[in-house]
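Undergrad: Structure below; questions to follow.
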Amino acid sequence: MVYVSRKEYFNAAHKLYNPAWSEEQNEAVFGPCANANWHGHNFEMIVTVKGNPDPDTGFVIDLKVLSQIIKEKIIRKVDHKNLNLDVDFMAGKMASCENLVLAVWNILDPAVREVSNARVHSIQLFETHNNFVEYFGE
């Protein structure tokens, strides 16, 4: 099994806020991330795909194709958007990185399988230099 990765970037705003809670509880749990006027991040996303190299190309997946899939299915929908308001696949969900990485997986894995014999192994989503989530499809 060979693992190949592609890194992409996007900028997005969001707010962590539970409407069932009081302002005080939201502030206590989410701190400045519950800011009524939103806040933003320069996200970095690393998508790792696994599979066996194709005997004709030597590729697990053509990285140009993987980049196109990520850009078409995810980046163009989230870049310079409000994750809470503008992104269809986040509708009705808390716009946490954890929920975002789950939604991204559910879109990318079938798209990768459609064009290759590979599958998504993991997605790392960096919200800041210090904070990131990683999902393995489990």
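Undergrad: If you take the residues of the stretch 11-27 that are in contact (Cβ under 8 Å) with a residue 40 or more places away in the chain and of a type in the set (A, V, I, L, M, F, W, C), which of them is nearest to Gly92 (Cα to Cα)?
TA: Looking at residues that are in contact (Cβ under 8 Å) with a residue 40 or more places away in the chain and of a type in the set (A, V, I, L, M, F, W, C), I get Leu16.
Undergrad: Okay, moving on. Of the conditions (1) surrounded by fewer than 17 Cβ atoms within 10 Å (Cβ to Cβ); (2) in contact (Cβ under 8 Å) with a residue 24 or more places away in the chain; (3) not aliphatic (A, V, I, L, M), Cys97 fails just one. Which one is it?
TA: (1)
Undergrad: Turning to a different aspect of this structure: For the stretch 38-57, name all the residues that are among the charged types (D, E, K, R) and not in a strand (DSSP E or B).
TA: The answer is Asp54, Asp56.
Undergrad: Kindly indicate whether any position in the stretch 28-38 is loosely packed, with under 12 Cβ neighbours inside 10 Å, under 23 Å from Phe136 (Cα atoms) and not acidic (Asp, Glu).
TA: no
Undergrad: Can you pull out every residue in the stretch 1-18 that is surrounded by fewer than 17 Cβ atoms within 10 Å (Cβ to Cβ), assigned to a loop (DSSP other than H, G, I, E, B) and either at pLDDT below 95 or touching a His at 6+ places or on another chain (Cβ under 9 Å) (or both)?
TA: Met1, the sole residue that qualifies.
Undergrad: Looking at the stretch 114-138, which of the residues that are of a type in the set (Val, Ile, Thr) and more than 23 Å from Val2 (Cβ to Cβ) is nearest to the chain's Cα centre (by Cα)?
TA: Across the stretch 114-138, the extreme among qualifying residues is Val133.
Undergrad: Take Ala111 and tell me if it is under 11 Å from the mean Cα position of the chain (by Cα), assigned to a helix (DSSP H, G or I) and small (Gly, Ala, Ser).
TA: The answer is no for Ala111.
The values are calculated or read from the model by the stated rules, or taken from the named source; none is laboratory data. Since we're looking at a predicted model, the values are computed, not measured. Heads up, the Cβs are rebuilt from the backbone with ideal geometry, glycines too, and the neighbour counts pull from every protein chain shown.
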